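Asker: Take a look at this one; I'll ask things after.
The values are calculated or read from the model by the stated rules, or taken from the named source; none is laboratory data. None of the values given here were measured: they were computed from a predicted structure. Here the Cβ positions follow ideal geometry from the backbone for every residue, glycine too, while neighbour counts run over all protein chains shown. Heavy atoms of the whole protein, side chains included, go into the accessibility calculation; ligands, DNA and RNA do not. Shrake-Rupley method; radii C 1.70, N 1.55, O 1.52, S 1.80 Å.
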Amino acid sequence: NFVAVLPEVTEPPQFSRRSRVEPRDMKLSHGAISYRSASIDDTSLYALDVLAIILGQGEGSMLTKELRDVKNLVYTISCHNSTLRNSGLFYISFMADPDKTGSAIDVILKILETIKENGINNEDLEKAKKIAKFDFLESLQTAEGRALDLITSEALTNDYLFSGDYLDKISAVSDDDIKKAAAAYLDESK
């Protein structure tokens with residue numbers, strides 16, 4: 001039997017901000033800011049999961065309230081943290097009028113800097129942890145969801161029970177954990 005083994009490729013470190021603009025004939029601008037984030041064996045992944053919820057998941061999220069509701073800079077905005085074996089991806093994506101894209105990016109980067117310095121309030125932290133736990137438990141409600149969880153855990157960690165303590169680790173995330181993870185991974189040069 002022949003089993004193909006693909007080499008693992010590690011992306012080299014990034015030392016400066018990169019940006020790309022692709023002009024298209026569109027009425028709206030689609031923007032994204034992304035950072036390389038925690039690998040599956042880095043405990044910062046739990047703080048980054050919670051931070052992604054605080055920033056951009058739902059109508060009450062920090063970025064939605066500030067950029068859409070208060071400053072009227074975007075139509076939609078969301079934030080996600082995807083964790084992989086060697087590194088992950090923390091990304092914020094939005095839709096805005098083309099003339100507001102630069103201002104939206106500036107406000108997003110300012111909010112991230114404020115979180116690194118001051119953290120977040122306890123009410124937002126506790127709400128986000130509840131959402132993370134709910135989303136995780138909801139994903140396990142079907143046989144397909146449970147199978148996907150087992151397969152993903154095995155593929156990323158060689159331990160099909162890896163996610164078994166996810167809820168405990170999410171519950172343990174503190175404001176200090178979020179500040180440290182944000183400082184380590186949400187560096188504008190990266």
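Asker: Could you give the nm distance between label points at residue 151 and residue 117, where each point is 7 Å from its Cα heading toward the beta carbon?
Answerer: Once both label points are built, they end up 4.6 nm from each other.
Asker: How much accessible area per residue does the chain have, counting only protein heavy atoms and a probe of 1.4 Å, in square angstrom? Walk me through the numbers on the way to the answer.
Answerer: Values: 11760 Å² over 190 residues.
That works out to 62 Å² per residue.
Asker: Hey, another quick one. So, in nm, how far is label residue 30 from label residue 85 when the simple model puts each one 7 Å beyond its Cα toward the Cβ?
Answerer: According to this spin-label approximation, the distance is 2.9 nm.
Asker: Would you work out what percent of the accessible area of the chain, with all protein chains in place, is carbon or sulfur (probe 1.4 Å)?
Answerer: Details: 6320 of 11760 Å².
Whole-percent figure for carbon plus sulfur exposure: 54.
Asker: Another question, if that's okay. Out of 92, 52, 105, whose Cα points farthest toward the positive end of the dipole of the chain (charges: +1 Lys, Arg; -1 Asp, Glu; placed on Cβ)?
Answerer: Working it through, the farthest residue towards the positive pole turns out to be 105.
Asker: Compute the projected area of the convex hull of the Cα atoms of segment 12-124, averaged over all viewing directions, and report it in nm² to one decimal place. Mind dumping the intermediate values first?
Answerer: Details: hull surface 32.3 nm².
Its average projected convex-hull area is 8.1 nm².
Asker: Also: To the nearest 20 Debye, how big is the dipole of segment 39-142 about its Cα centre, given +1 on the beta carbon of each Lys and Arg and -1 on that of each Asp and Glu? Numbers along the way, then the final one.
Answerer: Working: 11 positive and 16 negative charges, 13 e Å.
It works out to roughly 60 debye.
Asker: Sticking with this structure for a sec: Grab the beta carbon distance between residue 169 and residue 126, set R0 = 22 Å, and tell me the FRET efficiency rounded to 0.05.
Answerer: Working: r = 15 Å, r/R0 = 0.70.
My answer for the efficiency is 0.90.
Asker: Quick one: which residues, 5+ away or cross-chain, put their amide H under 5 Å from the amide H of residue 37? H built at 1.01 Å from N.
Answerer: Amide H to amide H, under 5 Å and 5 or more residues apart or across chains, residue 37 pairs with 88, 89, 90.
Asker: Specify whether the C-alpha gyration tensor of the chain places it in the rounded, prolate or oblate class, a ≥ b ≥ c being the square roots of the eigenvalues: rounded for a/c under 1.5, otherwise prolate if a/b is larger than b/c and oblate if not. All intermediate terms of the calculation are to be shown ahead of the outcome.
Answerer: Details: a/c = 1.70, a/b = 1.34, b/c = 1.26.
Prolate shape, in that a/c is at least 1.5 and a/b is the bigger ratio.
Asker: Connecting C-alpha atoms closer than 10 Å in a GNM of the chain, tell me which of 165, 176, 49 has the biggest fluctuation.
Answerer: Evaluated over the chain, the most mobile residue of the options is 165.
Asker: In debye, nearest 20: dipole of the chain around its Cα centre with unit charges on the Cβ of K, R (+) and D, E (-)?
Answerer: On the way: 22 positive and 31 negative charges, 110 e Å.
Here the chain has a charge dipole of around 520 debye.
Asker: Still on this structure: Cβ under 15 Å from residue 118's Cβ, residue 118 left aside: what net charge do those residues give with Lys, Arg +1 and Asp, Glu -1? The partial results should precede the final answer.
Answerer: Details: positive: 110, 116, 179, 180; negative: 66, 113, 117, 123, 124, 175, 176, 177.
Result for the neighbourhood of residue 118: -4.
Asker: Then there is this: Pull out the extension gain between residue 183 and residue 159, defined as 0.36 nm times the separation in residues minus the alpha carbon to alpha carbon distance; nm, one decimal.
Answerer: Full-extension gain reported as 5.7 nm.
Asker: For each pair in 65/129; 71/129; 110/179; 27/100, compute the distance between the two Cα atoms and list the pairs where it is over 21 Å. Write out the running numbers ahead of the final one.
Answerer: Values: 65/129 19 Å; 71/129 27 Å; 110/179 14 Å; 27/100 12 Å.
Violating the 21 Å Cα-Cα cut-off are 71/129.
Asker: Under the Kirkwood approximation for Rh and a Cα-based Rg, what ratio Rg/Rh is obtained for segment 129-190? Don't jump to the answer; show the numbers that get you there.
Answerer: On the way: Rg = 14.3 Å, Rh = 13.4 Å.
Using Cα coordinates only, the ratio equals 1.07.
Asker: To continue, here is another question. Efficiency by 1/(1 + (r/R0)^6): what FRET value for residue 41 and residue 69, r their Cβ-Cβ distance, R0 = 35 Å, to the nearest 0.05?
Answerer: Values: r = 38 Å, r/R0 = 1.08.
The computed FRET efficiency comes out at 0.40.
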